[in-house]
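The values are calculated or read from the model by the stated rules, or taken from the named source; none is laboratory data. Keep in mind that what you see is a predicted model, and the values were worked out from it rather than measured. Here Cβ is always computed from backbone atoms with ideal geometry, including for glycine, and neighbour counts include all displayed protein chains. For the accessible areas, the whole protein counts, side chains as well, though only heavy atoms, and no ligand, DNA or RNA atoms are used. Shrake-Rupley method; radii C 1.70, N 1.55, O 1.52, S 1.80 Å.
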Amino acid sequence: MIEQVLDEVSTVTDTAVADIVACDDLAALDAVVSRHRSKKSGLGAIKSRLGSLDQVDDRKRAGAAVNEAYTRIEQAVEERRAILADAAINAVIAAEAMDLTEYRRPSTRGHLHLVTQAWERLEDVFVGLGFTVAEGPEVETDWHNFEALNMSEGHPARGEFDTLFVDHVPPGGTPGATLLRTHTSPVQIRTMLTSEPPIYVIAPGRVFRRDTPDATHMPVFHQIEGLVIDRGISMADLAGTIEAFTKEFFGAGFTSRLRPSYFPFTEPSAEFDIRRPDGSWLELGGCGMVHPEVLRAGGIDPEEWSGFAFGFGIDRMAVMRHQVGDIRDMYSNDIRFIEQF
Amino acid sequence: MKIVLSWLNEFGPFANPADVDAVARVADDLTSLGLAVESVDQVDVPVDGVVAAVVRRLERHPDAAKVQRVWVDAGDGAERHVWCGADNMAVGDIVALATLGTRMPDGRSIERRGILGIDSEGMLCSAVELGLGDDHSGIMIGPVDATLGASWWNVLGRQRDVVFDLDLTRNRPDCWSHLGVARDLAAHRSQPMVMPMGAPVREGDPVHVPVDIEAGDRCGRFTATVIDNVVVGPSAPWMQARLAAAGMRSINNVVDVSNYVMLEMGQPNHAYDLDTLAGGGFRVRPARDGETLVTLDEVERSCTQDDLLICDAADVPVGLAGVMGGLDSEISASTTRVVVEAAWFTPGGVMATAARHGLRSEASARFERGVDPTAGRTSSKRFAELLAETCPDLVVHAGEADVTGTSMPDIGQSVEVRGAVIDRVLGRHVPRDQVLQILAPIGFEPTAQADTDVVVQVPPWRPDCTSEIDIVEEVARHIGYDNLGRRVPRPSTGGGLSTVQQRRRELRRLLIGAGVSEAMPNPFVDPGAMARVGLDGPVVSIVNPLVSEESVLRTSLRAGLLSAIAFNESHRRDGVALFEIGHIYPPAQAELPDEREVLCVLLAGRDAAAAVQLWDEIAAALGVGAMIDQRAATPGLHPGRSAALRAGRSEVGVIGEVDPRVLQRMDVSERVAIVEIDLTEVLAREPKPAAHRAVSRMPSSDLDLAFVVADSTPAADLAKALRSAAGPLAVSIELFDTFRGDSLGDGVRSLAFRLRLQAADRSLTDDDVSSVRAACVSAAESMGATLRG
């Protein structure tokens, strides 16, 4: 009798498990589960018949077998449910696949002018060295642009600047004394006149020369000027600052040198060259110790304070960094040029 | 300035021209002294295998019209046959023969090549082929006494040499001579300086040359020396070689010596034929307006009274002082008596005359920069010495003229140099003895000394040195800039960008994030440009523009940017968005024009709505509150689609669209949205930091209200009225829909607002919402708006 019951349990269980495993989706599984859990199901029916077994031992064995069968079925259900849930989400995921390269579009981001990019990089390097940034007007007085920089009227060096003059005449002033600044150096004078030393400033800005445009010259271009005035500033400070700038801006493999030159507004004066890692030299700009006459023009006592100044072109930095062959391209305002950088 | 190494070596050996390393060291030394070496060129480099040969026979071949057959003898007795394209040689001429196997300077090698089956056993060479000049018109002909088979360079008296091309600065007039360069280099190398000297010259009886300086304010000194028994002829080969290396053509021995002395001593000088010089003397006077003189270059020069003339004693001009001699008193083949003039003229005067006549000569270049006013007599002496080499009977007459004018510079000016100043400028201690050791060899002799300070006398060839700092620079130069050490000064205050600079950067970043790219149009525009973009008004003009299209300083950035839009459209790039941050220069009654920094953004293909949106982003980023005032006139912009931006009393910019008529004139076919902001106003106005307001935890409620309102009533006015009516419960108000349609009628539109209402401390009641609603409706009605159904 008991053997027959046990066989029946085993058969019913095998059938249930086979049904569960055969389910293709969660709904079907749910249907199978409710069918097997009902009292009319195979196991339910067997369970209700257990009381008819005579022997206590037989009842116990049969009860245990039924419970074991329930556990087995529940296990099968959970396993099947997990498999089907995975399959369901996997199907959704598979259906959602996208070719992301279909969605590539040209960038709509705008672009900064190359000169601005170089300008800001230069500012950042000098700000890191403790400098602030000074600005001044582009239309200047002859006094700020020349006279105060130790180039009084008739100074031969004035002729080298190819100055553009404008027809502005200040009230009570004389014609011919207003011009487009030929260099950023008048900002030195304005800074000295409006602030007290110590002074550590750079002055990037737009400058103007009466030059016919060609591949390396524009009548409107940009320079950056540096001015340091403090107690005990010497040529060693100048050389050290130029070297620090060189390494920061160009990279660790670059070095600098100063060689004697002449500018009316500095003395001693120097050109500074940059040595590239391949050993070649690049003439970068001019520098020197601020001339005592220039300090005086700026209201600073040259016996108490000393300083240095330097200057070089910004456009050239941009042109070199991006291998622009003709500087005029930078000013073409051609979007096909602008959006390259 | 071209410096010839063999010439420099006359002042003390500096380098063997064949020693490449030694030559490089000279170049480095010169550069480190501030005499920048632009280029180093080898000249007169002998080519192995090119020898002197004599022409034995010449013959034409019937089948080769353009070449002839030449038989030459190169000293070994054998006749060699060469084909030759030139025909400037005759039998007996000495010619340059490149023998078989010779490697020419241009790299090709001479091989047994022939024509018509007849081989050529070498090649006859022109000067240019041998690097011996620029003459390529024919075969080089050598001196008749040449040794056959000898190196062509030996035959010509040429030796391998090196030319340094120096880029000299304005403060070194002394280095416009071999003497000056040698002085600096010898001092730098602590080697003695040797003055080149020729054999003594016979001195003759005194011959007085009367000199009358009428314009002493321009002629500071004038010396004149008479030299006799001159035989005009070619100068010595070595001199021709050096002059050629220095870039000067050989004329004859007298002119060559004159040039040689100038290049050696730095003293321009001129030799006149005394027999053609009327009255045998000179008068230095200002020219008369319109007076003419034919200069050596055979150009007639019309002078003004600002020019200075050298005249003969009969007042006939014989030279444009300091610039160029006259043609009529030129040395000729028959000249036997020469008067050598060496003078000093004011730099400014010579510069003006040279500029006026567009005539920059070797002489004027030197006078402009400043010649040693004491060098006249030594230069004349050197002149005689050198000329005596080719004129063995030459006699220098005593009694040379030496007359000064009022402009003669002070000689022997003293300058005090303090040791403390040297130490401060150089950043290291330089003992007084070292200072003296540096200065003496370059001519700065001490006249007094204290413990650390010295007083030095400035040599006459250094007119640029007038103050202490000039002397300090000499000390620095000779110690060497590389030897001064390096130190990075650290300011006690931190570096950084100003508020304006930081905000300018933020603005740029915002703009590129919004898809706008930066342009940099020319700030110079043509005189009609501002009117074309609808802006008139006064402008500042350039007095000396390069071209009239760039003769006016812009008063608006629009013209340049619109041109850029048009340019890009014409290159099939529509919809370009550009901005510029740049200066405008409206005139002002002040020391300078009213220069201002402005932002202009142009969005091609976009309408005014895009401009408003962009402005809102900018305003939010920069913390600028400004009213959009559409009642104000905005010249150059679309009359119905533009507004002024008003912050308080000031107008900070305009937004909208560019006037379609302006676009037509600028050849722009798309509509163009514009945002233009006066950054001089805006960037400096840093907003106060926002104060925190507590975020309410209470529930909020939205109230949607749509009103039908006249087109002439700005939405912003209605919004403002609603906000004020809604009171403190309104935390936000947003215009979320605009509708126009036949159902509403003409001249009106529906504006739908959503108000979010919230109290800080309690939940809202129905009464709260309905009283806000009533207040809003009533406020709107008072503006002529009606609640939409």
Residues satisfying the stated conditions in the range B:653-706, i.e. modelled with pLDDT under 95 and among the β-branched types (Val, Ile, Thr): B:Thr680, B:Val682, B:Val695
If you go through B:Val430, B:Val415, the only one that is in contact with a helix residue (DSSP H, G or I) (Cβ under 6 Å, 6 or more places away or on another chain), part of a strand (DSSP E or B), more than 10 Å from chain A (Cβ to nearest Cβ) and among the hydrophobic types (A, V, I, L, M, F, W, C) is B:Val415
Give the residue that is least open to solvent (accessible area, probe 1.4 Å), with candidates limited to residues of the range A:253-270 that are at the interface with chain B (Cβ under 7 Å from one of its Cβ atoms) and among the hydrophobic types (A, V, I, L, M, F, W, C). A:Ala270
Any residue at all in the range B:230-250 that's aromatic (Phe, Trp, Tyr) and open to solvent by less than 10 Å² (accessible area, probe 1.4 Å)? no
For the range A:214-232, enumerate the residues that are part of a loop (DSSP other than H, G, I, E, B) and either surrounded by 18 or more Cβ atoms within 10 Å (Cβ to Cβ) or at the interface with chain B (Cβ under 9 Å from one of its Cβ atoms) (or both). A:Met218, A:Pro219, A:Gly232
Take the conditions in contact (Cβ under 8 Å) with a residue 24 or more places away in the chain, more than 30 Å from A:Glu339 (Cα to Cα), among the hydrophobic types (A, V, I, L, M, F, W, C) and open to solvent by less than 20 Å² (accessible area, probe 1.4 Å) and apply them to B:Ile442. Does it pass? yes
Just checking, does the range B:61-83 include any residue being of a type in the set (Asp, Glu), open to solvent by 40 Å² or more (accessible area, probe 1.4 Å) and in contact (Cβ under 8 Å) with a residue 24 or more places away in the chain? yes
Within the range B:632-681, can you find the residues that are open to solvent by 10 Å² or more (accessible area, probe 1.4 Å), in a strand (DSSP E or B) and among the polar types (S, T, N, Q)? B:Ser650
Which count do you get for residues in the range B:570-585 that are in contact with a strand residue (DSSP E or B) (Cβ under 7 Å, 6 or more places away or on another chain) and under 14 Å from B:Leu603 (Cβ atoms)? 7
Verdict on B:Ala604 being in contact with a helix residue (DSSP H, G or I) (Cβ under 6 Å, 6 or more places away or on another chain), closer than 16 Å to B:Pro527 by Cα and more than 7 Å from chain A (Cβ to nearest Cβ): no
State all residues of the range A:157-183 that are touching a Ser or Thr at 6+ places or on another chain (Cβ under 6 Å), at the interface with chain B (Cβ under 10 Å from one of its Cβ atoms) and aromatic (Phe, Trp, Tyr); if no residue qualifies, say none. none
Which members of the range A:35-65 meet the condition of being out of contact with any Leu (no Cβ under 7 Å at 6 or more places or on another chain), open to solvent by less than 70 Å² (accessible area, probe 1.4 Å) and farther than 15 Å from A:Thr15 by Cβ? A:Leu50, A:Gly51, A:Leu53, A:Asp58, A:Ala64
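Matching residues to (1) facing chain A (nearest Cβ under 7 Å); (2) open to solvent by 40 Å² or more (accessible area, probe 1.4 Å); (3) among the basic types (Lys, Arg):
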position	(1), (2), (3)
B:Ser517	yes, no, no
B:Ala531	no, yes, no
B:Pro538	no, yes, no
B:Leu546	yes, yes, no
Can you tell me which residues in the range A:235-250 are open to solvent by less than 10 Å² (accessible area, probe 1.4 Å) and farther than 18 Å from B:Val425 by Cβ? A:Phe245, A:Thr246
When the range B:572-596 is checked residue by residue, the ones that are part of a loop (DSSP other than H, G, I, E, B), more than 7 Å from chain A (Cβ to nearest Cβ) and open to solvent by 40 Å² or more (accessible area, probe 1.4 Å) are B:Arg572, B:Asp574, B:Gly575, B:Asp594
Quick one: which of B:Thr374, B:Thr346, B:Thr336 is open to solvent by 10 Å² or more (accessible area, probe 1.4 Å), touching a Pro at 6+ places or on another chain (Cβ under 8 Å) and of a type in the set (Val, Ile, Thr)? B:Thr374
Looking at the range A:233-252, which of the residues that are at pLDDT 95 or above and part of a loop (DSSP other than H, G, I, E, B) is farthest from the other protein chains (Cβ to nearest Cβ)? A:Ile233
Can you tell me which residues in the range B:126-179 are at pLDDT below 90, of a type outside the set (Val, Ile, Thr), open to solvent by 10 Å² or more (accessible area, probe 1.4 Å) and in a helix (DSSP H, G or I)? B:Glu129, B:Asn154, B:Leu156
Anything in the range B:480-515 that is more than 7 Å from chain A (Cβ to nearest Cβ), open to solvent by less than 20 Å² (accessible area, probe 1.4 Å) and farther than 27 Å from A:Asp329 by Cβ? List them, or say none. B:Gly480, B:Arg503
Looking at the range B:403-413, which of its residues are open to solvent by 70 Å² or more (accessible area, probe 1.4 Å) and among the hydroxyl-bearing types (Ser, Thr, Tyr)? B:Thr404, B:Thr406
If you scan the range A:16-53, which residues turn out to be within 26 Å of A:Ile2 (Cβ to Cβ) and not in a helix (DSSP H, G or I)? A:Ser38, A:Lys39, A:Lys40, A:Ser41, A:Leu53
Which of (1) closer than 25 Å to A:Val319 by Cα; (2) more than 9 Å from chain B (Cβ to nearest Cβ); (3) of a type outside the set (A, V, I, L, M) is the odd one out, the single condition A:Gly128 does not satisfy? (2)
Just checking, does the range A:271-286 include any residue being aliphatic (A, V, I, L, M), within 30 Å of B:Ser492 (Cβ to Cβ), more than 11 Å from chain B (Cβ to nearest Cβ) and open to solvent by 50 Å² or more (accessible area, probe 1.4 Å)? no
When A:Val294 is evaluated against the numbered criteria (1) modelled with pLDDT of 95 or more; (2) in a loop (DSSP other than H, G, I, E, B); (3) of a type outside the set (Gly, Ala, Ser), which criterion, by number, is the only one it fails? (2)
Qualifying positions in the range B:87-109 - closer than 22 Å to B:Glu59 by Cα and either outside any loop (DSSP other than H, G, I, E, B) or in contact with a Leu (Cβ under 7 Å, 6 or more places away or on another chain) (or both): B:Val91, B:Ile94, B:Val95, B:Ala96, B:Leu97, B:Ala98
Could you please tell me which pairs satisfy a Cβ distance under 6 Å, a separation of 6+ or placement on different chains, a first residue in the range A:97-113 that is without any contact (Cβ under 8 Å) to a residue 12 or more places away in the chain and β-branched (Val, Ile, Thr), and a second residue that is assigned to a loop (DSSP other than H, G, I, E, B) and surrounded by 10 or more Cβ atoms within 10 Å (Cβ to Cβ)? A:Thr108/B:Gly515
